[in-house]
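Notes to accompany the following structure.
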Amino acid sequence: MLSISKRILMSFTVFAMFFGAGNLIFPVFLAYQAGEAIVPAFFGFALSSIGLPVLALVAITRTDGLGELAGRAGVRFSRVFTIAVYLAIGPCLAIPRTASTSYEMVALALGTTSTLQTLAYCVLFFTLAALVARRPEKLSSRLGRVLAPLLVLLIMVLTSGTVVFPSTGAQLSTMQSFQTRAFSQGFVDGYQTMDAIAGLVFGTILALNVEKAGCEHRQTRRECMIASIAGGVLILVVYLALAIVGCASRNIIDCPTNGAQILSAASSALFPTTGRFLIAAIFILACFNTCVGLLSSCGQYFSTIVPKVSRDRWIALFALVSLALANTGLDAMISISSPVLEILYPVAMTLMVLAFIPRQNGLHHMYSLSVTAAFVFSIVALVTGLDFIWILPVIAGAVAGYTMDIRAKGKDVA
């Protein structure tokens, strides 16, 4: 059992691994857009961007990793889905976004930007992140002990400024997408943080750090659950603070295209001299923390499926690929990631729920049919815009599959 101080450290480690670029920009943007529908929209957002990641961490600690969990639906599916998840949260989407988002804030703070400056920043950013990611068992001391508390402090400074010097005359008009389906829109917007998918791979890193902190192996699952829940509560507090900033920024900036623009405008309005540098520091810390966790997790996984290439070399390779993709721009990366995440998330959520079903032999049809239904109807949901259309087919697939498995067992016994 860990001490209180070590539990707090593990909680900040969870916060640091999850809290990146998306966690900064999306709650602010949602609060700005939702207006009068902020309560149901924020609840939906928090459920998918906090509740699901915590569920994912706990689910993974109940299994032998994402590969084993996905393998319950089939070996081929496990390999394809697991690789797709690691590539999505790794060099194809999430890791490049950490550098491109933080650089936008640095460029605003300096007032200048150029191709050479962008390249220099990304090279330095990914070099430092790759060096720290080479020692995943030390993430708690490097991220949880120093960088995460500093990040929380900087965000609270920004929020306190918003409360002390509030905007005047801000009208909480509601954007059209939130007028009729605020909860579901908020829930789907939470996909953009990628945290539920990231939780499926961060679980092994968390367990490694918990054991490194002195926890006995048989108590690892319990301590990981405590750290996951406490880390989720900390993220919720920060999200509420960012939502306050978003609501208070309505008469500071008109028609922003992303949350980064809102945060930049709010910090400059509240702190004209230091605001730009404050928000740049917040983004750099948040993005660096997440980049380190993602590089470490991806390097660890791919070194197990291609053992001839060491973990450190995989980390270096992913850093190079991310460097090449980091210059596409924040808005472009968000538009690319949206359809991918709307397909991956229902499948990931289905696997999370299945992780809490006692592992039994002979339940292959239940796993495979429910996962197949999640995949097929997530595509239907993407095309039709009906956010939760996949839930009933998944339940029907699980029931039908379970019935088939029970009948097969009966035949075997007979």
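The values are calculated or read from the model by the stated rules, or taken from the named source; none is laboratory data. On a predicted model such as this, the values are computed, not experimentally measured, just so you know. FYI the Cβ positions are ideal-geometry reconstructions off the backbone, even for glycines, and counts take in every protein chain you see. Protein only, heavy atoms only, side chains kept; ligands, DNA and RNA dropped before computing areas. Shrake-Rupley method; radii C 1.70, N 1.55, O 1.52, S 1.80 Å.
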List, please: which pairs have Cβ atoms under 6 Å, are six or more places apart or on different chains, and start with a residue in segment 113-137 that is open to solvent by 70 Å² or more (accessible area, probe 1.4 Å) and end with one that is hydrophobic (A, V, I, L, M, F, W, C)?
T113/A107
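Quick check on this structure: which one of L242, L263, L234, L208 is open to solvent by 40 Å² or more (accessible area, probe 1.4 Å), touching a residue at least 24 places away in the same chain (Cβ under 8 Å), in a helix (DSSP H, G or I) and not basic (K, R)?
On the way: L242 fails: open to solvent by 40 Å² or more (accessible area, probe 1.4 Å); L263 fails: open to solvent by 40 Å² or more (accessible area, probe 1.4 Å); L234 fails: open to solvent by 40 Å² or more (accessible area, probe 1.4 Å).
Criteria check complete, one pass: L208.
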Filter segment 282-296 for residues that are open to solvent by 10 Å² or more (accessible area, probe 1.4 Å) and of a type in the set (V, I, T); which is farthest from A109 (Cα to Cα)?
T290
Being out of contact with any Gly (no Cβ under 9 Å at 6 or more places or on another chain) and in a helix (DSSP H, G or I) is the filter; apply it to segment 38-79 and report the residue that is nearest to F26 (Cα to Cα).
V39
Number of positions in segment 60-98 that are among the β-branched types (V, I, T) and over 14 Å from the mean Cα position of the chain (by Cα)
7
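Find the residue count for segment 19-37, including only residues that are part of a helix (DSSP H, G or I) and open to solvent by less than 10 Å² (accessible area, probe 1.4 Å).
Residues flagged as part of a helix (DSSP H, G or I) and open to solvent by less than 10 Å² (accessible area, probe 1.4 Å) within segment 19-37 amount to 11.
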Given (1) touching a Lys or Arg at 6+ places or on another chain (Cβ under 9 Å); (2) of a type in the set (G, A, S); (3) farther than 30 Å from D64 by Cα; (4) surrounded by 22 or more Cβ atoms within 10 Å (Cβ to Cβ), where does G299 come up short, assuming only one miss?
(3)
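Out of the residues in segment 212-251 that are among the charged types (D, E, K, R) and touching a helix residue (DSSP H, G or I) at 6+ places or on another chain (Cβ under 8 Å), which is farthest from L158 (Cα to Cα)?
Of segment 212-251, the ones among the charged types (D, E, K, R) are 212, 216, 218, 221-223, 250.
Those still in the list that are touching a helix residue (DSSP H, G or I) at 6+ places or on another chain (Cβ under 8 Å) too: 212, 221, 223, 250.
Values: K212: 34, R221: 36, E223: 32, R250: 16 Å.
Looking at the filtered set, the residue picked out is R221.
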Across segment 315-332, which residue is modelled with the lowest pLDDT among those that are among the hydrophobic types (A, V, I, L, M, F, W, C) and buried (at least 21 other Cβ atoms within 10 Å of the Cβ)?
A326
